[in-house]
Amino acid sequence: MARGTLRIYLGAAPGVGKTYAMLDEGYRRAKRGTDVVIGYLETHGRINTAAQVRDLVIVPRRNVEYRGQLFEEMDLDAILARRPTVVLVDEFAHTNATGSRNTKRWEDVTELLEAGIDVISTLNVQHLESLNDVVKRITGVSQRETVPDAVVRGADQIELVDMTPEALRRRMAHGNIYPAEKVDAALGNFFRVGNLSALRELGLLWMADQVEESLQDYRERNGIDSTWETKERVLVALTGAANGDGLIRRAARMAMRTHGELIGVHVNADDGLAGPTGNVLAEHRTILEEVGGRYIEVGGAEVAAALLDVARAENATQIVLGSSRQSRWSALVHGSIVQQLIRAANGAIDVHVISDGAGASPSHRLPLPHPRRASGVGAARQGAALAMTAIGLPTLTYLLALVRERMGFQNVLLSYLLVVVAVASVGGIWPALFASISAFLFLNWFFAPPLHTFTIDNGRDGLALFVFLAVAGAVSVAVDLAARRRVDARRAQAEARTLAAMAGTVLDDADPLPRLAEQLTTAFGIENLSLLIPRPDGGWGVEASSGRTPPQSPDMASHSLTLNDQSVIAWSGGRLDREEREVLMSFATQLTMARYRRDLQRDAARASVLAEADELRSALLAAVGHDFRTPLASIRTAATSLLSDDVDFDRVTTKELLQTIDDEADRLNGLVGNLLDMSRLQTGGVPVRCQSIGIEEVVAGAIASIHPVATALDIDVPETLPRVWIDPGLIERAIANVVSNALVFAPPGTAVRIEAAALGAHMHLRVIDRGRGIPLESRERATEPFQRLGDHPNGLGIGLGLAVAKGFIYACHGELHIDDTPGGGCTMVIIVPLSS
């Protein structure tokens, strides 16, 4: 009997539509004539879900008695006896009641599959065994019902049912998931935007891994070893070389740009890329993990082949490796690893070769080359060329002398010319000229008749010898010129790289002068350097410097260069030639631009501060003109009436006028207090003295401070809650402001609810009203100073209450969020840390 197939609808959270999708798929198959039954369905009272059952057959549940209580479970025996083609089983991770045949529902599903019955089921990501601890850290809720990942990955089809956190919260607010009495608590606890976003990402990542495994299995079954670029994977070769950290960061940036995966590979071999390891390689592995990569270590005699094998196994699209440290002789004898890798990749994988300095920071660029010798060839190569001359010419002479009779004079000349060209290629002009003259003498003495004398009888032999000498000299000069051009090209490349890094520093850094000074010392081999600015008193100010003892004036430096704006670059420890001074002038131009840019930034910052102050002053004047006048007018009217001798007020009227004066004075005092608080927040002058205290005490103090004392409040802040670490005075003022704001906007006859709950390491205090709410696009402005969104008809306040509350809460390392109230209204969420 063929095993049945398992299809699982996977969701990030309850309410995304898994059960709905399962019922819809079952109904679709039933319409095609398939025998479909519902083995177990949990609608959670959702009307829309129950409506999806339509005319599907439901297998009655069986009752299981445990400790005097009856529990309804799926009737596995009844389903097996009926033997439908497809059975719909909700809640794959459910734990069966004690006394059932199997402990878990997924074990019941396994029996159905073995009986040849196809099963469609549902599951949330928080029930996956591998994600259980992660979900607990995110949501603070431990899931007791879990399913092994291997069981879920063994399903024939897994379909992700996805929904954005905002859409899911709207479904919750509309009552489509939980009853109305549970909505507020759910939105403030498990169904927070952060929780839902994290769970959604976990589901997407888990599904991505599942798809990757399925793709890898398919490629293996069909013998496909070529790279399929379904996802960018950057493989970086780790060797333990000194420049490995820069190489890793370069590869990480490449992977980041394409939202790809970074893989570090170390090949254990005896040569090539497998260089020094030990502590350096361990450091590189740490850096790799810090930038989000994973490490693989393999063995292989052929480094290129081992790297390519890993790249194909991981389906990598790019390989990044540093420039080879092999000598030219080693590359000639053993082959270049880079070239081997490029040829073997055959264009299917991009190979990036990064030079040693490519990954270094701009302040650690390689210095400019300083060609002090007349020749572009180093001393080591010149020594090698002289050794070739000393060994090669006598050896060639001895061998040619043995076959002198069978070789013509012209062939002998060509043989000696070959040695001279080889010497010129290695050592440049001076060893080549020495080899040319030595070869001329050897030819004259041993091969030009009469032998063993420096005289020449035949004029043609003499001409051939002098032509040989001229050709050898020309070849030597040509090789030397090529070496000079190579040095010039390297120098120009280094200059361009340095200037580019310098330009990038000017653009990227907020204050590029210190970095530019460091680049100057690095590029030109200078020990100490300063950028000096003339002061009005005739002295010098140091604008930027580099080195241990930078000069404080031009007189203290060994060299100096005056710029266009009369500033001076002064340095010691290096003497620059004409070409280097030209490059230094380019640096000087960038330094001047950097100074101008910094001055402009300072001016812009000052202008911004002045603009903010002007805006604040204008808003303050408008607020004072509008909102201070109302209580002052009421106070003045009441006081004038009491002072008037024309009217004799009775005791009740007199008390009402005095009460008006008292109320309006309190209101005016509150306005002034908020203004002073906002001024303290703007200047950073709010002292914070945090302590451990019960949140219920702070809420009680805040309610008592509201005048008149609010009676339309529904408070649910039990004394059993954990203590919080806050400044009681600041948070009390913040809560009072938030509650006062809610009371102003709450419709008549409705209560403002205050509730608190501990979630993770924080306390969440929610102030809930049933007013008109705050639109999503206006919530950011709602907590800014002097904002009264919609201008409440009462005209109360100057729009500082929420701004002051937010400032005080942030001062205590808390947060203030604005959320919707299900059914209409606004919920202010105050989040403060718990006491450790």
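Can you spot a residue in segment 744-753 that is in contact with a Leu (Cβ under 7 Å, 6 or more places away or on another chain), of a type in the set (A, V, I, L, M, F, W, C), part of a helix (DSSP H, G or I) and free of Cβ contacts under 8 Å to residues at least 60 places away in the same chain? Write out each step before concluding.
Residues of segment 744-753 in contact with a Leu (Cβ under 7 Å, 6 or more places away or on another chain): 744, 751-752.
Subset that is of a type in the set (A, V, I, L, M, F, W, C): 744, 751-752.
Restricting the remaining residues to those that are part of a helix (DSSP H, G or I) gives 744.
Of the ones still in play, those that are also free of Cβ contacts under 8 Å to residues at least 60 places away in the same chain are 744.
For segment 744-753, residues in contact with a Leu (Cβ under 7 Å, 6 or more places away or on another chain), of a type in the set (A, V, I, L, M, F, W, C), part of a helix (DSSP H, G or I) and free of Cβ contacts under 8 Å to residues at least 60 places away in the same chain: present.
Given the criteria among the charged types (D, E, K, R), in a helix (DSSP H, G or I) and open to solvent by 20 Å² or more (accessible area, probe 1.4 Å), does E107 qualify?
Working: among the charged types (D, E, K, R): yes; in a helix (DSSP H, G or I): yes; open to solvent by 20 Å² or more (accessible area, probe 1.4 Å): yes.
Judged against the criteria, E107 is a match.
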Taking segment 145-162 and keeping residues farther than 25 Å from N96 by Cβ and surrounded by 18 or more Cβ atoms within 10 Å (Cβ to Cβ) leaves L160
With criteria (1) out of contact with any Phe, Trp or Tyr (no Cβ under 9 Å at 6 or more places or on another chain); (2) of a type outside the set (F, W, Y); (3) at pLDDT below 75, A186 comes up short on (1)
Subset of segment 430-483 that is hydroxyl-bearing (S, T, Y) and either part of a loop (DSSP other than H, G, I, E, B) or out of contact with any helix residue (DSSP H, G or I) (no Cβ under 7 Å at 6 or more places or on another chain) (or both) - its residue that is most open to solvent (accessible area, probe 1.4 Å) = T455
Just for segment 509-565: of the residues that are open to solvent by 50 Å² or more (accessible area, probe 1.4 Å), in a loop (DSSP other than H, G, I, E, B) and touching a Ser or Thr at 6+ places or on another chain (Cβ under 9 Å), which one is modelled with the lowest pLDDT?
-> N564
Residue hits (segment 658-685; crowded, with 17+ Cβ neighbours inside 10 Å and either of a type outside the set (G, A, S) or modelled with pLDDT of 80 or more (or both)) are T660, I661, E664, R667, L668, L671, N674, L675, D677, M678, L681
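For (1) at pLDDT 80 or above; (2) touching a helix residue (DSSP H, G or I) at 6+ places or on another chain (Cβ under 6 Å); (3) closer than 30 Å to L561 by Cα; (4) open to solvent by less than 60 Å² (accessible area, probe 1.4 Å), each residue gets a yes or a no:
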| residue | (1), (2), (3), (4) |
| --- | --- |
| D603 | no, no, yes, no |
| S608 | no, no, no, yes |
| A622 | no, no, no, no |
| A633 | no, no, no, yes |
| T640 | yes, no, no, no |
| D650 | yes, no, no, no |
Does D75 fit the bill of being surrounded by 15 or more Cβ atoms within 10 Å (Cβ to Cβ), in contact (Cβ under 8 Å) with a residue 40 or more places away in the chain and within 23 Å of D24 (Cα to Cα)?
-> no
Residue pairs within 6 Å by beta carbon, gap of at least six or interchain, first lying in segment 124-141 and loosely packed, with under 15 Cβ neighbours inside 10 Å, second not in a helix (DSSP H, G or I), listed first then second, are K136/S142
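Would you call L88 touching a strand residue (DSSP E or B) at 6+ places or on another chain (Cβ under 7 Å), open to solvent by less than 20 Å² (accessible area, probe 1.4 Å), farther than 21 Å from I38 by Cβ and not polar (S, T, N, Q)? Give the derivation first.
On the way: touching a strand residue (DSSP E or B) at 6+ places or on another chain (Cβ under 7 Å): yes; open to solvent by less than 20 Å² (accessible area, probe 1.4 Å): yes; farther than 21 Å from I38 by Cβ: no; not polar (S, T, N, Q): yes.
For L88, the condition - touching a strand residue (DSSP E or B) at 6+ places or on another chain (Cβ under 7 Å), open to solvent by less than 20 Å² (accessible area, probe 1.4 Å), farther than 21 Å from I38 by Cβ and not polar (S, T, N, Q) - is not met.
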Sole exception among (1) aliphatic (A, V, I, L, M); (2) in a loop (DSSP other than H, G, I, E, B); (3) touching a helix residue (DSSP H, G or I) at 6+ places or on another chain (Cβ under 9 Å); (4) under 15 Å from E42 (Cβ atoms) for A97, by number = (3)
Look at segment 160-189 and say how many of its residues are of a type in the set (V, I, T) and in a helix (DSSP H, G or I).
-> 1
For segment 699-722, the count of residues that are under 43 Å from the mean Cα position of the chain (by Cα), surrounded by fewer than 16 Cβ atoms within 10 Å (Cβ to Cβ) and not in a strand (DSSP E or B) equals 4
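Could we say that D90 is in contact (Cβ under 8 Å) with a residue 12 or more places away in the chain and within 42 Å of the chain's Cα centre (by Cα) here?
On the way: in contact (Cβ under 8 Å) with a residue 12 or more places away in the chain: yes; within 42 Å of the chain's Cα centre (by Cα): yes.
Here the answer is yes, as D90 does meet what is asked.
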Any idea which of L730, L759 is open to solvent by 10 Å² or more (accessible area, probe 1.4 Å) and touching a Cys at 6+ places or on another chain (Cβ under 9 Å)?
-> L730
Among the residues listed as D156, D162, the single one being at pLDDT 85 or above, in contact with a Leu (Cβ under 7 Å, 6 or more places away or on another chain), over 18 Å from G824 (Cβ atoms) and among the charged types (D, E, K, R) = D156
Based on what the data block shows, is T98 open to solvent by 60 Å² or more (accessible area, probe 1.4 Å) and modelled with pLDDT under 90?
-> yes
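The values are calculated or read from the model by the stated rules, or taken from the named source; none is laboratory data. Computed from a prediction, not measured in an experiment: that's the story for all the values here. Here the Cβ is made from the backbone with ideal geometry for all residues, glycine too, and neighbour counts use every protein chain on show. With ligands, DNA and RNA removed, areas are computed over all heavy atoms of the protein, side chains included. Shrake-Rupley method; radii C 1.70, N 1.55, O 1.52, S 1.80 Å.
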